[in-house]
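The values are calculated or read from the model by the stated rules, or taken from the named source; none is laboratory data. Owing to the predicted nature of the structure, the values given are computational and were not obtained by experimental measurement. No Cβ is skipped: glycine too gets one built from the backbone with ideal geometry, and neighbour counts run over all protein chains shown.
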Amino acid sequence: MSHAHETQKKPTGPAPLHGLLAEYESPWELVDAATKVRDAGFSRWDTYTPFPVHGIDKAMGIRMTILPWLVLGAGLTGLASAILLQWWTNAYDYPLLISGKPFWSIPANVPIMFELTVLFSVLTTLGGMLVLNGLPLPSHPLDLKERFARATDDRFFLLIEASDPKFDAKDTRALLDSTKPAVLDEVLEDRATPSEFPKALVYGMVILTAAAAVPFALAAKARFSKSRSPRVHLIQDMDSQPKYKAQRENPFFADMRAQREQVDGTVAVGELRDDDHLFRGKIGPEYARTFPPQIPLDEATVARGQQRFGIYCTPCHGFAGEGNGMVAQRAELLASTGAGKGMAWVPPSNINQAYLRQQPVGQLFDSITNGVRNMPAYGAQISTEDRWAIVMYLRALQTKSAAGH
């Protein structure tokens with residue numbers, strides 16, 4: 001007769017023998033006993049000590065495990081994975097040229113190669129150790145032996161399991177008696193610990209597993225969805241700050257205006273231009289007839305002026321300053337063909353004219369800075385020193401033109 005929910009019956013009667021446990025007071029006694037058990041041919045037995053005992057491996061006949069080879073293989077796998085990952089991403093799938101460096105080179109990729117090699121090796125070491133040792137063990141028959149607790153303090157133990165093919169209760173006891181243990185005791189199988197996994201622990205693991213998936217689900221949702229509200233930013237730093245545009249309201253100030261007026265008597269850094277001769281081309285109310293002392297009167301300044309003149313002035317005034325630049329020639333062509341009908345065009349001045357040769361250098365500087373008639377202002381485009389250099393070059397052009405006449 002079967003039942004949908006049949007309760008598992010606990011075994012009755014005395015618990016079967018798990019093995020024989022010998023207790024020793026010194027490590028050398030344990031080493032001698034382990035040597036005899038090894039020579040007797042037992043295969044399912046172990047020793048327990050509160051600290052590492054030198055020579056116990058040889059006495060037990062323990063051979064080198066496969067774990068080092070597993071770790072070596074994992075390390076090489078990590079190394080190969082790092083090389084393949086970086087080569088694929090940087091040199092093949094998405095090659096990106098940075099400062100002329102090669103797409104793939106060993107030195108640039110060593111850190112990741114090292115990290116993945118160590119990571120794979122460490123995880124394999126931990127996992128391999130647990131698997132090869134059959135760990136973790138939720139329970140063990142030795143847990144029920146109160147004296148066995150001294151294995152972490154000041155006693156040394158040797159256990160031969162009853163499942164060993166050579167185990168015979170009488171002969172095995174005689175063998176252990178010959179090693180002169182302080183205590184020789186039987187270890188029975190554990191029937192006190194429930195065989196079923198605790199349900200509370202199962203439910204807890206299920207809940208934790210589900211909870212661990214929540215952050216990844218939220219990250220996937222944020223990546224592939226859109227929202228009108230900003231995402232949660234836990235570490236703000238200086239990324240999110242109040243921003244007020246011009247002509248908008250700002251409650252921080254009493255007048256509720258975001259845009260602030262200039263403070264009287266203040267000048268921006270680098271904008272204190274208190275030398276009228278240098279920055280305005282004047283000495284008092286009159287235009288200066290001499291160059292400022294800050295401007296060197298040499299060939300280098302004239303050459304600089306020629307170079308700046310070629311950029312800003314030549315298109316209209318021409319290379320010789322006669323007002324026949326490319327812009328002027330184009331305007332005259334349009335006017336002669338009728339294509340420029342209705343276009344108001346004032347030809348550029350010939351800077352070699354007598355009245356311009358007689359103008360003070362400060363007035364020429366002012367014309368370049370602020371513009372004159374249809375000529376635009378170049379003060380925002382050309383630095384103060386370069387404007388004076390252009391004036392110096394103009395004087396050279398005017399002198400050459402006057403000498404030619």
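Side notes on the structure shown:
- Filter pass, Glu146 being closer than 28 Å to Met64 by Cβ and of a type in the set (Asp, Glu): no
- Checking Pro230, Pro194 one by one, the residue that is part of a loop (DSSP other than H, G, I, E, B) and either aromatic (Phe, Trp, Tyr) or within 30 Å of Pro16 (Cβ to Cβ) (or both) is Pro194 and no other.
- Some residue of the range 226-243 being surrounded by 10 or more Cβ atoms within 10 Å (Cβ to Cβ) and out of contact with any Pro (no Cβ under 7 Å at 6 or more places or on another chain): no
- Of all residues in the range 261-306, those that are among the aliphatic types (A, V, I, L, M) and either closer than 30 Å to Gln247 by Cβ or in contact with a His (Cβ under 6 Å, 6 or more places away or on another chain) (or both) total 7.
- The range 349-405 holds helices (runs of 4 or more DSSP H) entirely within its bounds, and those carrying 2 or more residues that are farther than 14 Å from Glu322 by Cα map to 361-370, 384-404.
- Some residue of the range 244-255 being touching a helix residue (DSSP H, G or I) at 6+ places or on another chain (Cβ under 8 Å), surrounded by 10 or more Cβ atoms within 10 Å (Cβ to Cβ) and at pLDDT below 90: no
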